[in-house]
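Data block below; observations after.
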Amino acid sequence: MAYSDKVVDHFNNPRNMGSFKKDEDGVGTGMVGAPECGDVMKLQIKVQNDTIVDAKFKTFGCGSAIASSSLATEWLKGKTIEEAQKIKNTDIVQELNLPPVKIHCSVLAEDAIKAALADYQKKADSK
Amino acid sequence: MKLPIFLDNHSTSPMDPRVLDAMLPYFVEKFGNAASRNHAFGWAAEEAVENARKQIAKLIKADSKEIVFTSGATESDNLAIKGVLEMYKDKGNHIITSSTEHRAVIDTAKALEAKGKATVTYLSVDKYGMVNPEDVRNAITDKTVLISVMLANNEIGTINPVKEIGKIAKEKGVLFHCDATQGVGKIPVDVQEMGIDLLSFSAHKIYGPKGIGALYVRKKNPRVRIAAQMDGGGHERGMRSGTLPVPLIVGFGKACELCEQEMATESARLTAMRDRLQAGIMKEIDEAYLNGHPTQRLPHNLNISFAYVEGESLLMGMKDIALSSGSACTSATLEPSYVLRALGVGVELAHSSIRFGLGRFNTDEEIDYTIKKVIEIVTKLREMSPLYEMAKEGVDLKSVQWAAH
Ligand SMILES: Cc1ncc(COP(=O)(O)O)c(C=O)c1O
Ligand code: FES
């Protein structure tokens with residue numbers, strides 16, 4: 001199977017790869033997937049005044065999963081919480097030109113975004 | 001050194017130029033039908049076919065009359081299993097095979113089962129992927145008509161104790177079919193000594209052309225009979241009809257002759273190269289696990305799982321090296337390798353496996369390059385892996401509640 005140029009680019013030059021400290025102020029962490037399924041995605045956001053000022057990812061999975069999470073961090077930066085909620089896996093599929101067998105990799109990225117936002121919300125609410 | 005490098009010789013192999021040279025006259029110049037008995041065109045073709053049959057038989061220590069040409073090992077496996085089952089249906093309908101067979105065997109057995117034509121025992125294997133001959137013995141019933149166990153596995157390279165299985169088969173009077181597609185031409189095969197009654201193999205795995213294979217069918221002690229699976233002109237002693245593809249057969253014969261002549265030096269060379277590849281990788285990468293048997297293994301096979309990184313991403317990071325992986329992400333079914341699962345390799349590690357398949361035309365320089373690339377990409381992807389990060393923090397990954405999707 002041939003990969004789209006964009007997938008290859010994200011794979012070779014991942015954007016925002018890395019981690020924040022989970023307990024850092026304003027950081028939300030989402031971890032989705034399972035090693036048995038062959039894919040685990042960790043996505044983190046750093047929020048200031050309702051805006052995502054930074055995002056990071058680490059992914060265990062295929063090239064498309066890595067590209068999807070890398071793209072997600074790019075898109076998240078600068079968005080408000082509300083705008084981030086609206087990112088759909090289909091947007092990722094379209095942007096990266098993912099074939100049908102790789103759609104679940106984009107679903108995972110959407111799940112990771114949602115999980116990171118929920119984690120941030122939970123931490124904010126408990127203050 | 002030319003890129004990309006081909007290290008996927010279990011899937012197929014490049015044709016040896018000497019094989020091509022042998023084939024060329026049989027396309028345009030000597031194009032006859034080997035079954036034409038009444039003119040020189042036919043005679044030339046027949047002579048070429050019979051010469052190839054001898055070269056092929058010699059490689060497995062058989063008689064040339066025991067070689068039946070097919071389109072490849074898939075057809076040979078189908079013909080052997082379905083042909084025996086149909087021919088010996090009065091005796092019984094039980095087949096014994098193993099859980100790590102190629103799909104040409106497993107799916108044939110499953111299809112027969114689904115149609116109610118056979119009952120099948122799938123023997124489990126040990127942690128190295130080896131069938132225990134005693135398990136074969138214990139599975140035999142008075143309804144057993146066939147044992148089908150592979151010589152060497154196509155993913156992990158483990159070599160089965162075929163001789164012991166052959167002995168048990170003989171003792172119990174059950175026919176023994178062996179899918180030797182990965183072993184023929186790479187390690188010595190002797191159908192007499194190994195007690196094999198039917199043997200499948202294919203030319204394209206041994207530097208010959210694609211589209212031609214053979215089924216060895218024993219003629220003596222016992223005389224094995226199989227029911228043809230295709231009706232037609234009754235070629236190949238009635239077992240496989242269809243005009244013989246003479247150029248392919250000539251190429252197959254030449255490929256077998258070269259393997260026979262060069263096996264000793266070639267297997268020593270490939271073993272040394274493979275061992276160097278393995279050592280070079282293992283020295284630098286922790287938590288890299290060998291899949292398959294440490295010693296009872298094909299000389300050109302290496303299968304390693306790299307914990308915390310996924311196989312397809314590894315392949316993607318080594319785009320200029322042709323390799324294969326047992327990861328689900330590389331398969332159409334999204335299931336990781338059933339062979340690795342059968343050895344008890346965890347699903348995570350099955351996802352992380354890479355198969356290296358060396359061959360006649362690989363060079364030391366290519367191996368050096370591959371070692372370097374593997375170390376680079378595993379290191380890079382582990383940096384990117386949340387699992388590696390957790391493991392380094394001391395988290396027991398097994399204890400984590402994963403949000404499966
Ligand atoms: C063990 C084994 N059996 C059968 C086959 C099928 O061979 P062919 O492609 O010649 O039909 C293969 C090839 O992948 C194999 O490795
Ligand atoms: S993570 Fe398995 S296909 Fe993408």
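Within the protein assembly as shown, what whole-number % of the accessible surface is contributed by carbon and sulfur, with the 1.4 Å probe and all protein chains included in the calculation? Mind dumping the intermediate values first?
Numbers: 11500 of 22100 Å².
The value for the protein assembly as shown is 52 percent carbon and sulfur by accessible area.
Determine the distance separating the Cα centre of segment B:249-266 from the Cα centre of segment B:274-324; give it in Å without decimals.
Centre-to-centre distance over Cα atoms comes out at 28 Å.
Once you sort the root eigenvalues of the Cα gyration tensor of segment B:199-291 as a ≥ b ≥ c, which label holds: rounded (a/c under 1.5), prolate (a/b larger than b/c) or oblate (the other case)? Don't skip to the end; give the middle numbers.
On the way: a/c = 2.79, a/b = 2.34, b/c = 1.19.
Prolate.
So if I take the centroid of the Cα atoms in segment A:58-127 and the same for segment B:104-124, what is the distance between those two points in Å?
Segment A:58-127 and segment B:104-124 have Cα centres separated by 44 Å.
When only DSSP loop residues count, what GluC sites (Glu not before Pro) in segment A:1-78 have their Cβ near at most 13 other Cβ atoms within 10 Å? Could the numbers behind the result be given before it?
Details: sites: A:GLU24, A:GLU36, A:GLU74; in loops: A:GLU24.
Of the GluC sites (Glu not before Pro), the ones in loops of segment A:1-78 whose Cβ has at most 13 other Cβ atoms within 10 Å are A:GLU24.
Between A:MET17, A:MET31, A:MET41, where does the largest GNM mean-square fluctuation fall for chain A, given springs only between Cα atoms within less than 10 Å?
A:MET17
Binning every alpha carbon pair distance of segment B:214-261 at 10 Å from zero, what are the percents per bin?
Here the calculated profile for segment B:214-261 is 22, 39, 35, 4.
Give me the net charge for the shell around B:THR330: Cβ to Cβ below 10 angstrom, other residues only, Lys and Arg +1, Asp and Glu -1. Spell out each step's value before the answer.
Numbers: positive: none; negative: B:GLU310, B:GLU312.
So the surrounding residues net to -2.
Determine the shielding of peptide B:380-390 by partner chains: average, over its residues, the number of Cβ atoms on other chains within 10 angstrom of each Cβ. Intermediate values should be presented prior to the final figure.
Numbers: counts 3, 4, 1, 4, 12, 7, 14, 6, 2, 5, 5.
Mean partner-chain Cβ count within 10 Å for B:380-390: 6.
Can you list the trypsin sites (Lys or Arg not before Pro) in segment A:1-102 that are in a DSSP coil and have 15 or fewer other beta carbons within 10 angstrom? Display every interim value, and only then the final one.
Working: sites: A:LYS6, A:ARG15, A:LYS21, A:LYS22, A:LYS42, A:LYS46, A:LYS56, A:LYS58, A:LYS77, A:LYS79, A:LYS86, A:LYS88, A:LYS102; in loops: A:ARG15, A:LYS21, A:LYS22, A:LYS77, A:LYS79, A:LYS86, A:LYS88.
Here the trypsin sites (Lys or Arg not before Pro) that fit, given the DSSP loop and packing criteria, are A:LYS21, A:LYS22, A:LYS86, A:LYS88.
So, taking all protein chains as they sit and a 1.4 Å probe, how much accessible area belongs to A:TRP75, in Å² rounded to tens?
About 70 Å², ignoring ligands and nucleic acids.
Starting from segment B:240-346, pick out the trypsin sites (Lys or Arg not before Pro) whose DSSP state is loop and whose Cβ has at most 16 other Cβ atoms within 10 Å. Each step should come with its number before you reach the end.
Values: sites: B:ARG240, B:LYS254, B:ARG269, B:ARG274, B:ARG276, B:LYS283, B:ARG297, B:LYS319, B:ARG341; in loops: B:ARG240, B:LYS319.
Those that pass, being in a loop and sparsely packed, are B:LYS319.
If you take the C-alpha gyration tensor of segment B:75-156, multiply each eigenvalue by 5 and take the square root, what semi-axes do you get, largest first, in whole Å?
Values: eigenvalues 85, 46, 19 Å².
Here the semi-axes work out to 21, 15, 10 Å.
For segment B:1-82, what does the alpha-carbon gyration tensor say about shape, rounded, prolate or oblate, given a ≥ b ≥ c as the root eigenvalues, a/c under 1.5 as rounded, and a/b over b/c as prolate?
On the way: a/c = 2.23, a/b = 1.32, b/c = 1.69.
Because a/c hits 1.5 or more and a/b fails to exceed b/c, segment B:1-82 counts as oblate.
Over the Cα atoms, compute the radius of gyration (one decimal) and Dmax (the largest Cα-Cα distance, rounded to a whole number) for the protein assembly as shown, in Å.
Over the protein assembly as shown's Cα set, Rg and Dmax evaluate to 27.1, 97 Å.
Counting each DSSP H run of 4 or more residues in chain B as -39500 (n - 2.57), what helix-only mean residue ellipticity at 222 nm follows after dividing by all residues, to the nearest 500 deg cm²/dmol?
Numbers: 12 runs with 155 residues, N = 405.
Computed ellipticity for chain B at 222 nm equals -12000 deg cm²/dmol.
Exposed loop sites here are GluC sites (Glu not before Pro) in DSSP loop states with at most 11 other C-beta atoms within 10 Å. What is the longest stretch of chain B lacking them?
Details: sites that count: B:GLU29, B:GLU393.
After excluding every exposed loop site, the longest remaining stretch is B:30-392.
Please count, across segment B:309-405, the pairs of lysine residues with Cα atoms under 16 Å apart that sit 8 or more places apart or on different chains. It would help to have the intermediate numbers written out before the result.
Values: B:LYS319/B:LYS372; B:LYS319/B:LYS373; B:LYS319/B:LYS380; B:LYS372/B:LYS380; B:LYS380/B:LYS392.
Qualifying lysine pairs in segment B:309-405: 5.
Would you mind working out the accessible area per residue for the protein assembly as shown, using a 1.4 Å probe, and quoting it in Å²? Numbers along the way, then the final one.
Details: 22100 Å² over 532 residues.
The answer is 42 Å² per residue.
Diagonalise the Cα gyration tensor of chain B and give the resulting equivalent ellipsoid semi-axes, square root of 5 times each eigenvalue, largest first, whole Å. If you can, show how the numbers build up before the last one.
Numbers: eigenvalues 296, 147, 59 Å².
Value: 38, 27, 17 Å, ordered largest first.
What is the distance in Å between the Cα centroid of segment B:20-88 and that of segment B:376-395?
Using only Cα atoms to place each centre, the spacing works out to 53 Å.
Enumerate the lysines that A:LYS127 could reach by cross-link, defined here as Cα to Cα under 19 Å, with residues fewer than 8 away along the same chain left out.
A:LYS21, A:LYS22, A:LYS46
As I understand it, the dipole of the protein assembly as shown uses +1 on the Cβ of Lys and Arg and -1 on the Cβ of Asp and Glu, about the Cα centre. Which of B:GLY346, A:ALA115, A:LEU43 lies farthest toward its positive end?
B:GLY346
Taking the Cα centre of chain B as origin and charging only Cβ (+1 Lys, Arg; -1 Asp, Glu), how large is the dipole, in debye to the nearest 20? Provide the component values of the computation, followed by the final result.
Working: 49 positive and 51 negative charges, 266 e Å.
Roughly 1280 debye for chain B.
Taking springs between alpha-carbon atoms closer than 10 angstrom, which of B:ASP90, B:ASP126, B:ASP179 fluctuates most in the Gaussian network model of chain B?
Highest fluctuation of the listed residues: B:ASP90.
Using a Gaussian network model of chain B whose springs link C-alpha atoms within less than 10 Å, name the residue from B:GLY251, B:GLY232, B:GLY32 with the highest mean-square fluctuation.
B:GLY232
Give me the accessible area buried between chains A and B, both sides summed, with a 1.4 Å probe, in Å² rounded to the nearest 100. Don't jump to the answer; show the numbers that get you there.
Working: alone 6720 and 17970 Å², together 22100 Å².
Summing both sides, the interface buries roughly 2600 Å².
Assign unit charges at the C-beta atoms only (+1 for Lys and Arg, -1 for Asp and Glu), then state the dipole size of the protein assembly as shown relative to its Cα centre in Debye, rounded to the nearest 20.
Numbers: 66 positive and 69 negative charges, 260 e Å.
The dipole magnitude comes to about 1240 debye.
Choose one of B:ILE5, B:ASN291, A:LEU76: the residue whose Cα lies farthest towards the positive end of the charge dipole of the protein assembly as shown (beta-carbon charges +1 Lys, Arg; -1 Asp, Glu; about the Cα centre).
Final value for the positive-end residue is B:ASN291.
Given B:PHE69, B:HIS235, B:GLY326, which one lies farthest toward the positive end of the charge dipole of chain B, if we put +1 on the Cβ of every Lys and Arg and -1 on the Cβ of every Asp and Glu?
B:HIS235
In chain A, which helices (entire DSSP H runs) extend 24 Å or more along their own long axis, judged by Cα positions, while averaging at least -1.0 on the Kyte-Doolittle scale? All intermediate terms of the calculation are to be shown ahead of the outcome.
On the way: long enough: A:103-125 (33 Å, -0.02).
Membrane-span-like by this criterion, though nothing is claimed about a membrane: A:103-125.
How big is the dipole moment of segment B:310-371 about its Cα centre under a simple scheme where the beta carbon of each Lys and Arg is +1, that of each Asp and Glu is -1, and everything else is neutral? Debye, nearest 20, please. The partial results should precede the final answer.
Working: 4 positive and 9 negative charges, 58 e Å.
With only Lys, Arg, Asp and Glu charged at Cβ, the dipole is about 280 debye.
Report the label-to-label distance for B:LYS392 and B:ARG276 in nanometres (one decimal), using points 7 Å from each Cα along the Cα→Cβ vector.
If labels sit at B:LYS392 and B:ARG276, their model points lie 3.2 nm apart.
Let me know the shape class of chain A, please: from the alpha-carbon gyration tensor, a ≥ b ≥ c as square roots of the eigenvalues, rounded when a/c is under 1.5, otherwise prolate if a/b is greater than b/c, or oblate.
Here chain A falls in the prolate category.
Can you give the direction-averaged projected area of the convex hull of the alpha-carbon atoms in segment B:253-405, in nm²? Don't skip to the answer; put the middle values down first.
Working: hull surface 43.9 nm².
In nm², the orientation-averaged hull projection of segment B:253-405 is 11.0.
The values are calculated or read from the model by the stated rules, or taken from the named source; none is laboratory data. Treat the numbers as computed from the prediction; the structure is a model and nothing was measured. Neighbour counts run over all protein chains shown; Cβ positions are idealised from the backbone, glycine included. Accessible surface areas use protein heavy atoms only, side chains included; no ligands, DNA or RNA. Shrake-Rupley method; radii C 1.70, N 1.55, O 1.52, S 1.80 Å.
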